[in-house]
Amino acid sequence: MSDSSLLDLAGFEEWVGPISMQGAQIKSGFGTLYFSGNITVNRSTVAQSLISGDALIWNGTYTITNSGHNYSPDLLISANVR
């Protein structure tokens with residue numbers, strides 16, 4: 001997902017594998033985002049990456065990798081992570 005893109009679940013549920021974010025947003029609203037892969041955060045000169053709403057880490061241990069640095073933090077997770 002690249003600069004200023006938005007994945008808005010609009011209250012629905014969605015499963016995602018590995019994600020690459022660069023100044024992008026994922027909002028689940030009243031839905032749930034199910035993670036089943038690593039998260040890679042690439043440097044953005046436009047915006048910080050954001051994951052908000054409700055998220056569930058599915059069946060495993062995953063890694064968040066950050067490459068580069070323009071914002072502090074480059075990835076903000078305000079989601080309720082279970």
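The values are calculated or read from the model by the stated rules, or taken from the named source; none is laboratory data. Keep in mind that what you see is a predicted model, and the values were worked out from it rather than measured. Using ideal geometry, Cβ is built from the backbone for each residue, glycine included, and neighbour counts are taken over all protein chains shown.
General remarks:
- Exclusive hit being without any contact (Cβ under 8 Å) to a residue 12 or more places away in the chain and among the polar types (S, T, N, Q), set 61, 45: 61
- Any hit, segment 17-29, residues being under 12 Å from the mean Cα position of the chain (by Cα), assigned to a strand (DSSP E or B), loosely packed, with under 15 Cβ neighbours inside 10 Å and touching a residue at least 12 places away in the same chain (Cβ under 8 Å): no
- Residues in segment 38-64 that are small (Gly, Ala, Ser) and at pLDDT 90 or above were compared, and the one that is nearest to residue 20 (Cα to Cα) is 49.
- Inter-residue pairs, beta-carbon under 7 Å, first within 25 Å of residue 59 (Cβ to Cβ) and in segment 4-16, second of a type in the set (Val, Ile, Thr) and part of a loop (DSSP other than H, G, I, E, B), 6+ apart: 13/32
- Test result for residue 45, closer than 15 Å to residue 1 by Cβ and out of contact with any Lys or Arg (no Cβ under 6 Å at 6 or more places or on another chain): no
- Top-ranked residue in segment 30-69 [being among the hydroxyl-bearing types (Ser, Thr, Tyr) and in a loop (DSSP other than H, G, I, E, B); ranked as surrounded by the fewest Cβ atoms within 10 Å (Cβ to Cβ)]: 61
- Taken as a whole, segment 3-15 holds no residue that is among the polar types (S, T, N, Q) and either touching a strand residue (DSSP E or B) at 6+ places or on another chain (Cβ under 6 Å) or under 15 Å from residue 80 (Cα atoms) (or both).
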